[in-house]
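Below: the structure, in structure tokens.
The values are calculated or read from the model by the stated rules, or taken from the named source; none is laboratory data. Small disclaimer: the values here were computed from a predicted structure and weren't measured. Because the Cβ atoms are built from the backbone with ideal geometry, glycine has one as well, and the counts that use them run over all protein chains shown. SASA here: full protein model, heavy atoms, side chains in, ligands and nucleic acids out. Shrake-Rupley method; radii C 1.70, N 1.55, O 1.52, S 1.80 Å.
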Amino acid sequence: MDIRKIRRKWNFRELGGCLTEDGREVKSGLFYRTGALGDLNEAELEIVQSLGIRHIFDLRSDTEIAVKPDPEISGAEYHPIGAIEEDASVNGLRRYMQSNTRAGHLKYLYGILPFCSAYRQIFEYLKNGETPILFHCSAGKDRTGVLAYLILRVLGCSHETAAENYMLSNRYRAAEIRRYLDEVADIIDTNPKIAREIRALAGASRENIEYSLECILKHNGSFEKYCSDTLNLSEEDIQNMRQMYTEKANS
């Protein structure tokens, strides 16, 4: 079935087709990313069911999962593997910023996400060839977006290519972004200190993914050292993954 039939606002897409720096491309049908599965209707879940997913990684907090549990996908092993403990859904972060005037909460989030244990655990499955996988959070743009960025970089995509993929959330969620900004217009007007962050919260901000990379380089010195020291990936692991998950690009 065609995943394009899933409504775009759920940000359901795959990483297949992304070009690597050595002229290959990520294979299709292996890495799926989305917002909360509980938002999909029966027809959309039927499409997900047809994809042969082996593992579903739910990056949401326990609080978010309790409010909107994932539906069961036959044949897929479900992993509630929260990237962070707090509610990092759009509404959760909105509530936080309304009660906490400290600016930069999203920046803080993007600074710690690359080092969360959940990502390292997921890469253990990828090293062992256990695909196709589906990973998601609430809106499929922050926790999901950082993981997708890391997967693409490990598979040999450039920072620019991986960042462009991250920014596609703004295209997929355009209607939701407009609706959200309309809803919080009064907050933006009355809280100028956090207005910029609220706008960034609505969609994907290039500044945020750049900050993730900045923190990686500051902490590890290079992306290669990050792979070995934080993700626990050896050079052999990376080469094996690139062999498994990329192929010669169509000319």
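One line per residue, one yes/no per condition, for (1) modelled with pLDDT under 95; (2) part of a helix (DSSP H, G or I); (3) of a type outside the set (A, V, I, L, M, F, W, C):
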residue	(1), (2), (3)
Leu45	no, yes, no
His79	no, no, yes
Ala88	yes, no, no
Gly111	yes, yes, yes
Phe135	no, no, no
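Looking only at residues of the range 155-164 that are in contact with a helix residue (DSSP H, G or I) (Cβ under 6 Å, 6 or more places away or on another chain) and outside any loop (DSSP other than H, G, I, E, B), we find that the one that is surrounded by the fewest Cβ atoms within 10 Å (Cβ to Cβ) is Ala163.
Restricting attention to the range 2-24, and to residues there that are out of contact with any Lys or Arg (no Cβ under 8 Å at 6 or more places or on another chain) and closer than 21 Å to Glu247 by Cα, which single residue is least open to solvent (accessible area, probe 1.4 Å)? So, considering only residues that are out of contact with any Lys or Arg (no Cβ under 8 Å at 6 or more places or on another chain) and closer than 21 Å to Glu247 by Cα, the one least open to solvent (accessible area, probe 1.4 Å) is Cys18.
Looking at Thr63, Thr101, which one is part of a loop (DSSP other than H, G, I, E, B), at pLDDT below 95, open to solvent by 30 Å² or more (accessible area, probe 1.4 Å) and not aromatic (Phe, Trp, Tyr)?
On the way: Thr63 fails: part of a loop (DSSP other than H, G, I, E, B).
After applying the criteria, what remains is Thr101.
All conditions in (1) of a type in the set (A, V, I, L, M, F, W, C); (2) open to solvent by 50 Å² or more (accessible area, probe 1.4 Å); (3) part of a loop (DSSP other than H, G, I, E, B) hold for Ala139, with the sole exception of (2).
Okay, residues lined up against (1) modelled with pLDDT under 95; (2) under 30 Å from Leu51 (Cα atoms); (3) within 13 Å of the chain's Cα centre (by Cα); (4) crowded, with 19+ Cβ neighbours inside 10 Å:
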residue	(1), (2), (3), (4)
Met167	no, yes, yes, no
Arg178	yes, no, no, no
Arg199	yes, no, no, no
Asp229	no, no, no, no
Asp237	no, yes, no, yes
Thr246	no, yes, no, yes
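The residues of the range 47-60 that are under 18 Å from Gln121 (Cβ atoms) and either open to solvent by 40 Å² or more (accessible area, probe 1.4 Å) or of a type in the set (Gly, Ala, Ser) (or both) amount to a single one, Arg54.
Taking the conditions (1) part of a helix (DSSP H, G or I); (2) open to solvent by 10 Å² or more (accessible area, probe 1.4 Å) in turn, Val146 satisfies each one other than (2). In the range 25-43, the qualifying residues are those that are part of a loop (DSSP other than H, G, I, E, B) and in contact with an Asp or Glu (Cβ under 8 Å, 6 or more places away or on another chain), and the one that is most open to solvent (accessible area, probe 1.4 Å) is Ser28.
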